1. Can you report the number of residues in the stretch 199-226 which are modelled with pLDDT of 95 or more and small (Gly, Ala, Ser)?
2. Please determine whether any residue of the stretch 88-100 is within 24 Å of Asp147 (Cβ to Cβ) and either of a type in the set (Ser, Thr, Tyr) or in contact (Cβ under 8 Å) with a residue 40 or more places away in the chain (or both).
3. Run Ala171 past the list (1) under 29 Å from Pro288 (Cα atoms); (2) aliphatic (A, V, I, L, M); (3) part of a helix (DSSP H, G or I) and report the number of the one that doesn't hold.
4. With the condition kept exactly as written, say whether any residue in the stretch 141-159 is in a loop (DSSP other than H, G, I, E, B) and small (Gly, Ala, Ser).
5. Being hydrophobic (A, V, I, L, M, F, W, C) and either under 16 Å from Leu114 (Cα atoms) or in contact (Cβ under 8 Å) with a residue 60 or more places away in the chain (or both) narrows it down to one of Leu32, Leu4, so name that one.
6. Which of the helices (runs of 4 or more DSSP H) contained wholly in the stretch 228-310 include at least 1 residues that are at pLDDT below 85?
7. Which one of the conditions (1) buried (at least 18 other Cβ atoms within 10 Å of the Cβ); (2) closer than 25 Å to Arg296 by Cα; (3) of a type in the set (D, E, K, R) does Asp61 fail to meet, given that it meets all the rest?
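The values are calculated or read from the model by the stated rules, or taken from the named source; none is laboratory data. The shown structure was predicted, so the numbers you read here are calculated from the model rather than taken from an experiment. Every residue, glycine among them, receives a Cβ derived from its backbone with ideal geometry; neighbour counts consider all protein chains shown.
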Amino acid sequence: MRQLEISDLITAVDPRDGRRLPVARDEVVRQLREGGDEPAARIVAGLPADRDGTLDPDAVDRLLVGVHTELQRLSEELRIGDRLVHLLGPLFDAIRADGGRPGPYRLVDVGCGLGYLVRWLAATGALGPDVELVGVDLNAALVGEADRLARTEGLDCRFVHGNAFELPEAATVYVSTGVLHHFGADALGEFFRAQAASPALAFCHFDIAATGLAPVGAWVFHRARMRHPLGRHDGVVSAMRAHPDEVLLRAAAVPGMRALVYEPRGLSNPFCTTLRPVIGVRPELEAPLRRALGRRARRLVGPEHLVGAAR
C-alpha cells in the first residue's frame, strides 16, 4: 500500500465545483492506521474538530497555508523558478517559432498552492510579456492567499479556485510542481488525457525525482526547514511516492502528445537531482523544441530510450 500524505486527507472538495466537503477526523486517523502510519495518525488526532468529530476547516486552512509558506522557502532555496524557465523558455520559443498559434499565450499552473511559481514568473518576466500567467487550485484558502500575495507584490498574474481543465480560456501550456506524486499510477493517465483533449500545445510537469536518495534528501530538507510535524511527514512521504521515469512516460504517452523526460536516470547525477520534468508536446512541436534547446536537447528522451518503459 502506498503511504498517504496527511494534507491529501484532511481536506476534501467536490471536483466539479471546488465546494468544500466535511472531513471526519476519526476516518482520517483510521485510514492512516490501516496504512501502518501511526505517527501520522497521531498528528491528525491532535487537530481541532467539532463535537461531531468533523475537522475544523478554518484550523485546517491555517495549517495548510503555514505549511505551504514553509514550502515556498524550500522552492526559493532549490531555485524552482530557474529550473522551470530552463525548459519553459525554450518551450515557448518553440511555440512562437512554430507559428501554429499566435500570442498571447497562457500558462496555467495546476495545483498552484500559494502560487510561488506564477508569482516568480510574473516578478521576473522570464517568459516574456506575451505569456499570461494563471494559477489554479481546488483549495480556496491557498488560492486566496496566493491572490493576496500577488496583489501585495503588485504582480501581473491571477489565481482561480477550481478545476484547471475547466477554465473558460484555454491554456497554451500546463505546468505543475510537486503534483504528480499525489496521483496513483492509474489516475496519472486520466490527468494527462485531460490535457491532450484540451487545446493546449504542451505540458511540463516537475515532480520529485524517484531516486534512492530522494527520501533521505527530503528528510534532511524538511527536518531543517519545516516546523510543523505535518510538513515534515508529508515531505518525506512525497519523495517515497514519486513515480519512476518509466511510469511517467507510460502515463504521459497519450494520443496527440509526444511524451518526453528531461535528464532521466542515467543522464543525471542522483546527488544533484531533486526534481525531474515530464514533458508532452504536440508532435509538430518536438523538432522546434529540440532546436530551441540546442545542445541540451540530447537530455530530452522519449519512452523508446528508457529501459523498461515499454513494459
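1. Final tally of qualifying residues: 2.
2. Among the residues of the stretch 88-100, at least one is within 24 Å of Asp147 (Cβ to Cβ) and either of a type in the set (Ser, Thr, Tyr) or in contact (Cβ under 8 Å) with a residue 40 or more places away in the chain (or both), which makes the answer yes.
3. Only one criterion in (1) under 29 Å from Pro288 (Cα atoms); (2) aliphatic (A, V, I, L, M); (3) part of a helix (DSSP H, G or I) is unmet by Ala171, namely (3).
4. Looking through the stretch 141-159, at least one residue is in a loop (DSSP other than H, G, I, E, B) and small (Gly, Ala, Ser).
5. That would be Leu4, the only listed residue that is hydrophobic (A, V, I, L, M, F, W, C) and either under 16 Å from Leu114 (Cα atoms) or in contact (Cβ under 8 Å) with a residue 60 or more places away in the chain (or both).
6. 229-241
7. (2)
Listed here are the residues, each with its yes/no results for (1) of a type in the set (A, V, I, L, M); (2) crowded, with 18+ Cβ neighbours inside 10 Å; (3) in the same structural domain as Glu145 (by TED's automatic domain parsing); (4) within 18 Å of the chain's Cα centre (by Cα).
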{"residue": "Arg73", "(1), (2), (3), (4)": "no, no, yes, yes"}
{"residue": "Leu78", "(1), (2), (3), (4)": "yes, no, yes, yes"}
{"residue": "Gly81", "(1), (2), (3), (4)": "no, yes, yes, yes"}
{"residue": "His86", "(1), (2), (3), (4)": "no, no, yes, yes"}
{"residue": "Phe92", "(1), (2), (3), (4)": "no, yes, yes, no"}
{"residue": "Ile95", "(1), (2), (3), (4)": "yes, yes, yes, no"}
{"residue": "Asp109", "(1), (2), (3), (4)": "no, yes, yes, yes"}
{"residue": "Leu114", "(1), (2), (3), (4)": "yes, yes, yes, yes"}
{"residue": "Val118", "(1), (2), (3), (4)": "yes, yes, yes, yes"}
